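The values are calculated or read from the model by the stated rules, or taken from the named source; none is laboratory data. Everything quoted here is computed from the prediction, not taken from an experiment. Every residue, glycine as well, gets a Cβ built from its backbone with ideal geometry; the counts of neighbours run over all protein chains shown. Note: areas computed on protein heavy atoms with side chains; ligands, DNA, RNA excluded. Shrake-Rupley method; radii C 1.70, N 1.55, O 1.52, S 1.80 Å.
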Amino acid sequence: MVINRRNFLHMGTALGTNIAMLASGVRLAGAAADAYPPTADGMTYEVMHSAKEWRSMLTEAQFDVLREEATEKPFSSPLNTEEREGTYYCASCDLPVYKSETKFKSGTGWPSFYDNVDDAVRIKDDSSFFSTRTEVHCRRCGGHFGHIFEDGPKPTGLRHCLNGLALTFKAGA
């Protein structure tokens, strides 16, 4: 990505938003067995591969995000500006996970959704970066999508803040 004044301001805004949320300890309430989305505690996955197999199926950047829980650079995903109707799928196992009608512009630098496809994701606590956040994963393969925060729009009030590398998009699907 070319760093110009506009990109610099976008990155600063995204960084400031995330630092503020981390500092305030924003986390999804009720990350317990009855949480929605359900927790990943004790999950076994329908689609499982060795690290070597995942590496052969994914790009290096996708492997880092989906299998190693990395985060892509803000404003780097073409899915940020995707506005067509369709469905977003797990880039690891092709499970439909988010619908375009639940996508919204959060200004954070990552594709954001206020809800997921029924029974598509699982959550777990993430205690990195000096706070507790809620990670969101694919329920079929365990792929890491991103995090969920409680600052989204109605009707859920949630913001599924996702890595574009973790998703594929199919228009009209």
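In the range 35-123, one over the average inverse separation of all distinct C-alpha pairs is 14.6 Å, which is the Kirkwood hydrodynamic radius. Ligands, DNA and RNA are left out, and with a 1.4 angstrom probe the accessible area of the range 30-173 is 49 Å² per residue. Each label point was placed 7 Å from the Cα along the Cα-to-Cβ direction; for S50 and E69 their separation is 2.4 nm. Computed from backbone phi, the HN-Hα couplings of the range 152-159 come to x, x, 5, x, 8, x, 9, 10 Hz, rounded to whole numbers (Karplus: 6.51 cos²θ - 1.76 cosθ + 1.60, θ = phi - 60°; Gly and Pro given as x). Peptide packing for 156-168, 58-70 was compared via the average number of neighbouring C-beta atoms within 10 Å per residue; ordered from the highest value, the list is 156-168, 58-70. Proximity of backbone amide H atoms, modeled 1.01 Å from N, is registered between E72 and no other residue at under 5 Å, excluding neighbours fewer than 5 places apart on the same chain.
Per-residue packing, averaged as other Cβ atoms within 10 Å, sorts the ranges 111-117, 80-86 into the order 111-117, 80-86, beginning with the highest. The three principal axes of the C-alpha atoms in the range 62-173 carry coordinate ranges of 39, 29, 28 Å, sorted with the longest axis first.
Shape summary: the range 120-173 maps onto an equivalent ellipsoid whose semi-axes, from the alpha-carbon gyration tensor, are 20, 16, 10 Å in decreasing order. Less than 5 angstrom separates the built amide H of L95 from those of C90, all sequence-distant by 5 or more or on a different chain. Residue by residue, the range 160-173 carries 3J(HN,Hα) couplings of 7, 9, 10, 7, x, 5, 7, 10, 10, 10, 10, 5, x, 7 Hz when phi is fed to the Karplus relation 6.51 cos²θ - 1.76 cosθ + 1.60 (θ = phi - 60°); x denotes Gly or Pro.
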